[in-house]
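Shown next, in structure tokens, is the structure this report addresses.
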Amino acid sequence: MDMNINMNDSNIVSLRQVEETILSRVAPAFSFESHEKAYAWISEVLNRFGYHEKGRTKKEKISIRRYIKRFTTYSKSQITRLVKEKKKTGTLKYGKGKKRHQFKKIYTPEDARLLSEADNAYRRMSGMAMRKVFEDEFKIYGKNEYEHLAKISHGHFYRLRNSDTYKENALSVGRTISVARPIGIRKKPQPGGLPGYVRADTVHQGDLEGVKGVYHVNLVDEVTQWEILFCVDSITEISMAYVLAEALRFFPFVIFGFHSDNGGENINGSVSEVLQKLFIEQTKSRSGKCNDNALIESKNGSVVRKHMGHWHIPKYEARKINGFYRDCFNEFLNFHRMCACPTTVVGENGKKKKIYEKTMTPCQKLLSIPEVEKYLREDVTIASLQEKMLRASHIEYAKIMHEAKQKLFAAIKKC
């Protein structure tokens, strides 16, 4: 209360005067400097009018309470509580009262700050994927600062992302024209839970005044989600054949199948020749079956667009981007970025449904396959993959990747 006039109503001594005061439209001529003085006045009023004396009617008690309410800022329920306290203890004493029970805060502003740092590096993945990142940081890499976040629910990530601490720390593409070509078999690959069945697609970085920008070539294994990115200045049969031959060397396992949509960048004689030399089956999406290549389309958005954006990048910058992919980004995607791994469940009606219960990196998914050494290339071992995965923690490497990406963007001339 911010008041500076002392209370003096000693001239009001009868209930009739109380009623007249309540009905009066004249503003109160006094007030209180503190809660202590207000409590003392309420106690004196209750004594003056004999509120708790026998014979006091309900109507009279209501008038006294209304009188108290008129000259204080207290609510009806608070006045009722004070009246009960006066009857019980014989006095009124202002105090902060009993401290209410408060549940201990599990997630602190420091946790929100750590989450914002990780989201800055990962470009804000789903809660399920980020929780697996923090679990590995705590359990595998021994980073105790991530202990709370390793146990967080998926939904609570989004509550932390709405906190002030998090917000303080947090940071036209043409359509592919379908063409009928006699190359490749129209069917959906059936990997049977084994690695080596690669999906491929290209992502155009956008035009500027009719001038084409760079192209990203994206290849993803269907089962492990092992992902390799390349960047080229243009899409030609020769460039795609070269990129394909180079990219397949970066997969740690033997490739058995190569699937793409019907775009001419992948369905052409040069690419087909490369695949035939490596005894790799080439398939393409069926007409009207948009889910045949859904995985790679999803990765185009959640990886390429999220990290590289939509703005135009001139063709001559392709070499710089390719160096970033080769030296840093591809390793980040496969050893430190979480992916949701589906489990196919068949219902009573025979309908198949994918449930995403497990979250892990492509490397972890690869190593979880029984007898995986059968499918690895001759120059790759389980130990070498584990050693590369433990070289840096997930968030440490994500920060390294983020810094390298910022340097890349600083070196690229935006148009």
*If you take just the helices (runs of 4 or more DSSP H) that sit entirely in region 304-415, which of them hold at least 2 residues that are surrounded by fewer than 18 Cβ atoms within 10 Å (Cβ to Cβ)?*
318-324, 382-389, 394-411
*Which pairs do you get when a residue that is in the same structural domain as VAL254 (by TED's automatic domain parsing), found in region 271-290, comes within reach of a residue that is aromatic (Phe, Trp, Tyr) and surrounded by 11 or more Cβ atoms within 10 Å (Cβ to Cβ), reach meaning Cβ atoms under 6 angstrom, with the pair 6+ apart or on two chains?*
LEU275/PHE258; ILE280/PHE258; GLN282/PHE258
_Just to be sure before I move on: is ARG123 over 30 Å from HIS402 (Cβ atoms) and basic (Lys, Arg) in the structure I sent?_
no
*Considering only region 194-219, how many residues are touching a Pro at 6+ places or on another chain (Cβ under 9 Å) and surrounded by fewer than 24 Cβ atoms within 10 Å (Cβ to Cβ)?*
4
*Kindly list the number of the only condition in (1) of a type outside the set (D, E, K, R); (2) under 55 Å from the mean Cα position of the chain (by Cα); (3) under 21 Å from THR21 (Cβ atoms) that fails for THR89.*
(3)
*Please note which strands (runs of 3 or more DSSP E) are completely contained in region 197-286 and include at least 2 residues that are touching a helix residue (DSSP H, G or I) at 6+ places or on another chain (Cβ under 6 Å).*
197-204, 215-221, 227-232
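The values are calculated or read from the model by the stated rules, or taken from the named source; none is laboratory data. Every value quoted in this text rests on a predicted model; they were computed, and no experiment measured them. Counting neighbours? That spans all protein chains shown, and the Cβs are built from the backbone with ideal geometry, glycine included.
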